[in-house]
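In what follows, a single structure is set out as structure tokens and then discussed.
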Amino acid sequence: MTDTLIADLRVLRRGCLHVEEEEKLHPGLEAAHLVIDTGRPIVQVARESGVGEALMGRWVGLERARTDRPSEALDVDERAELSRLRVDNAELRMDREFLFKAADSAATENQNR
């Protein structure tokens, strides 16, 4: 199955590298580029290439840092979660503000007695 991964990578990167350079790529680097270039999950590529998820994640992180590529934009699910979390955060801030005002009011009331 690793041969399929390498073939996929060569098709993707054919315009970027010369054949001689492709042959010199480390298999971990090739697998990391499969994640980076195709957007496939680290878990999936790790299973297909027979390495651990943590190691694959490390390779991807190192290669992203080396190539200075920014992370991909948020997908639809991540955007929805971000919107939901922003609404939750705003509600929690309002609740917190209300509780501070209530506590301040109670403290003032107790002082006046």
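Here, each number is a calculation from the coordinates, and none is a lab measurement. A quick note: this is a predicted structure, and the numbers were derived from the prediction, not measured. Backbone-built Cβ (ideal geometry, glycine too); neighbour counts: all protein chains shown.
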Full extension between residue 64 and residue 109 adds, at 0.36 nm per residue less the Cα distance, a length in nm of 10.3 nm
Scoring only Lys, Arg, Asp and Glu (+1, +1, -1, -1) among other residues with Cβ under 12 Å from the Cβ of residue 98 yields -1
Scoring only Lys, Arg, Asp and Glu (+1, +1, -1, -1) among other residues with Cβ under 14 Å from the Cβ of residue 89 yields -1
Taking R0 as 35 Å and r as the Cβ-Cβ distance between residue 96 and residue 73, the FRET efficiency 1/(1 + (r/R0)^6), rounded to the nearest 0.05, comes to 0.65
Here segment 60-66 yields Karplus 3J(HN,Hα) values (6.51, -1.76, 1.60; θ = phi - 60°; whole Hz; Gly and Pro given as x) of 5, x, 5, 5, 5, 5, 5
If R0 = 30 Å, then residue 87 and residue 26, at their Cβ-Cβ distance, give a FRET efficiency to the nearest 0.05 of 0.10
Per the Kirkwood formula over distinct C-alpha pairs, the hydrodynamic radius of segment 73-113 in angstrom is 12.5
